[in-house]
1. Looking at (1) in contact (Cβ under 8 Å) with a residue 12 or more places away in the chain; (2) under 20 Å from the mean Cα position of the chain (by Cα), which one does residue 212 not meet, given that it meets all the others?
2. Looking only at region 217-254, filter to residues that are among the small types (Gly, Ala, Ser) and farther than 17 Å from residue 182 by Cβ; which one of those is nearest to the chain's Cα centre (by Cα)?
3. Considering only region 28-48, state which residues are surrounded by fewer than 20 Cβ atoms within 10 Å (Cβ to Cβ) and without any contact (Cβ under 8 Å) to a residue 24 or more places away in the chain.
4. Modelled with pLDDT of 95 or more, among the polar types (S, T, N, Q) and either crowded, with 16+ Cβ neighbours inside 10 Å or under 21 Å from the mean Cα position of the chain (by Cα) (or both): which single residue out of 320, 277 fits that description?
Amino acid sequence: MAMIGVDDPAVHQLRSLLTLAEELHFGRAAARLYLTQPALSQQIRVLERRLGVQLFTRTSRKVDLTPLGQALLPLVRNVVDASDSLRNAARRSASESGRQVLRLGLTDCAAALAATRRVIAALTTEHPDLEVDFQVLDLVEQATALAAGKIDAAFVYFPVPGGYHAEPLTTEPRVAVLSASDPLAEKPGLHLSDLADRAMVGLAPEVSAAERDFWAMDPRPNEAPVRYTDHRVTRVEALLSAVSFDEAVAFLPAVAAELFPRPDVRYRTVTDLLPCTFGVVWPEADRAKSTVLLLADVCRRLSEQGLPAGAIRHPTSPPTLGAADR
């Protein structure tokens, strides 16, 4: 009989491997996993020691998968996917037994927003028997998870595709993000016409057309054609790197300047750029679901009272992440 040994790799270490393999950057991977860079480095070192192989080559400038690390990725994904399936099955069983579980999707910046924290705090305070399971996902993963029923609702910036109910929480300005080397980055304020010859960073094709058009302000008020780069971005950090390296431009919520400060990019006000709305969405078909009704009630009451836009100012306890993100 095979026995589980203390040197067997843990699922969270395998998940760290997959994330680092996608980002090839310890800082970005650590941010996605809500870890510090030293903690992520330690996890990867322990995993390499347990497997007895080198998974990555590291220099001061670059992180790369070794050929063996690349070959092992499909097997690692199988293990992580099996763990996720087990967790989801357990959640479903708990729900079927009468225990209420609300599965919420978060983008990599939504957890730091004041509105998100207020909603979560109200939910857990008013409904102590409700289990809230968080999953940190990118733009594409979030849409896919909602469509597949893997999450019940998601904190997102609007717009959203058809078939979903959108409950707005806050509104804030949008800003332009430019490379620090772009001459326009020296101007304190811009107009859309100033950016007419700049290409917008391309989002992944799985992102809905409504979202792509909104975040590029396409069409522009003067009907000038909008050009896009060949990128397929799904996360903010990847978008910022595209801006930095390729002299492209992107529009983001104003809070991004606070959440993603980087020396290689600049955030600038654009006077005629429309604001954006942050809120919670869920499938229209699930509007009568008991956990969604609880969420909807909290969102509407807090929205009527007035929620602050932007990041939290005095963070207390962070939300407990779901097993998929630990």
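1. Of the numbered conditions (1) in contact (Cβ under 8 Å) with a residue 12 or more places away in the chain; (2) under 20 Å from the mean Cα position of the chain (by Cα), the odd one out for residue 212 is (1).
2. That would be 238.
3. Result: 35, 36, 37, 38, 39, 41, 42, 45, 48.
4. 277
Residues are listed down the side, and each one gets a yes or a no for (1) under 23 Å from residue 298 (Cα atoms); (2) in a loop (DSSP other than H, G, I, E, B); (3) not basic (Lys, Arg):
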{"residue": "122", "(1), (2), (3)": "yes, no, yes"}
{"residue": "129", "(1), (2), (3)": "yes, yes, yes"}
{"residue": "168", "(1), (2), (3)": "yes, no, yes"}
{"residue": "211", "(1), (2), (3)": "no, no, yes"}
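The values are calculated or read from the model by the stated rules, or taken from the named source; none is laboratory data. Bear in mind the structure is a predicted one, so any value in this text is a computation, not a measurement. Methodologically, a virtual Cβ is constructed for each residue, glycine included, from the backbone with ideal geometry; neighbour enumeration extends over all protein chains shown.
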